[in-house]
Each structure stands twice: as structure tokens, then as C-alpha cells.
Amino acid sequence: MKSVIFETAARLLVALIFVFSLFMLLRGHNLPGGGFIGGLLGAVSFIVYSLAKGPAEARKALHVAPETLSGVGLGIALLAGLLSFFMGDPLFTGQWFWIGGDSYDTAVFAPNSILVFDIGVYLVVLGGILTLAFAFDEET
């Protein structure tokens, strides 16, 4: 069943949900949120688009195969974990890098390996859920 109202509302809804998923990803680690919930919300946004336009259009909007997203995300998460190993710490220990200062308080920018790991988890969850959802949607 096609619904003009749902198709029109889906465009706005998809954008809002996806931006919120990125917010949840970046909020992560010390507050509720992170890669898993962000990836779930990102997948929901594409599932809503798939319900409105069909799985072929949703795959086209994604620009990348969901299986590829999962593989790239797994590689990113693994690299984030191995970074601590190469720094002499136990595997998957968080590493912080101070740019423009020598501590968190004085640094201009303080990237860390935990955010990189969360990005990897985000991509794995996004790709995995979309692979299942598109397979179910294309089967019917």
C-alpha cells in the first residue's frame, strides 16, 4: 500500500532520526549512548525510508552495501583495540591524544581511541541490521 502522506513525512523523519543517531554516537562513552544505540537509530532511519520507498531505493540512498559497512566497521573497531596494544597497554584500553596542550584541560582537541571504537561499532550495527532488514523486505 502506497501512502503519499507517509512518503512525504518519511523524508523529514529519516533525516531527523539519522541526525539523532549521529548525536547518540558522539554523546557515547561517559553518558548514555554510543556506537550501538547510534547504529540502531541509523538503521531505523533507513528502514523507515525502505518502508516508504522500497528496499531498492533505500539501498540506493545508502550508497554502500550494508555488508561492506559491517566489514569496514569491524576493521575500524579492531584497529582501535590494537592501538592500545601497540602503545604497550592491554588490548582495548582507551588511549587519549592531546592536541594543543598536555592535558584534557589545556588541549584544544583530545581525540581518543574509544570514539574510534564506537564509530566501528556504529558501522557494524548499522550494516548488520540493514542487511537483515533489506533481506526480509526483498523476500516479501
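The values are calculated or read from the model by the stated rules, or taken from the named source; none is laboratory data. Note that this is a predicted model, so its numbers are computed, not measured. Glycine also receives a Cβ, built like all others from the backbone with ideal geometry; neighbour counts cover every protein chain displayed.
Observations
Yes/no per residue for (1) within 23 Å of LEU123 (Cβ to Cβ); (2) loosely packed, with under 15 Cβ neighbours inside 10 Å:
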| position | (1), (2) |
| --- | --- |
| VAL14 | yes, no |
| PHE20 | yes, no |
| ARG27 | yes, no |
| ALA43 | yes, no |
| PRO55 | yes, no |
| GLY71 | yes, yes |
| GLY75 | yes, yes |
| PRO90 | no, yes |
| ALA107 | no, no |
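- Residues in the stretch 53-73 that are within 28 Å of ALA9 (Cα to Cα), assigned to a helix (DSSP H, G or I) and among the small types (Gly, Ala, Ser): 3 in all.
- Flag for GLU67 being within 30 Å of VAL4 (Cβ to Cβ) and surrounded by fewer than 20 Cβ atoms within 10 Å (Cβ to Cβ): no
- The C-beta contact set for the stretch 99-114 (first residue in contact (Cβ under 8 Å) with a residue 12 or more places away in the chain and closer than 22 Å to LEU31 by Cα, second residue of a type in the set (Val, Ile, Thr) and surrounded by 10 or more Cβ atoms within 10 Å (Cβ to Cβ), distance under 9 angstrom, 6+ apart or interchain) comprises SER113/THR93.
- Selection count, the stretch 101-126, where residues are of a type outside the set (Val, Ile, Thr) and under 12 Å from ALA77 (Cβ atoms): 7
- For the stretch 58-81, a tally of residues being at positive phi and of a type in the set (Ser, Thr, Tyr) returns 0.
- Complete set of residues in the stretch 26-67 that are of a type in the set (Val, Ile, Thr) and in contact with a helix residue (DSSP H, G or I) (Cβ under 7 Å, 6 or more places away or on another chain): ILE37, VAL44, ILE47, VAL48
- Taken as a whole, the stretch 110-132 holds at least one residue that is under 12 Å from the mean Cα position of the chain (by Cα), among the aromatic types (Phe, Trp, Tyr) and buried (at least 21 other Cβ atoms within 10 Å of the Cβ).
- The stretch 16-37, residues that are at pLDDT below 95, in a helix (DSSP H, G or I) and among the small types (Gly, Ala, Ser): GLY35
- In the stretch 29-41, the residues that are touching a residue at least 12 places away in the same chain (Cβ under 8 Å) and over 14 Å from LEU123 (Cα atoms): HIS29
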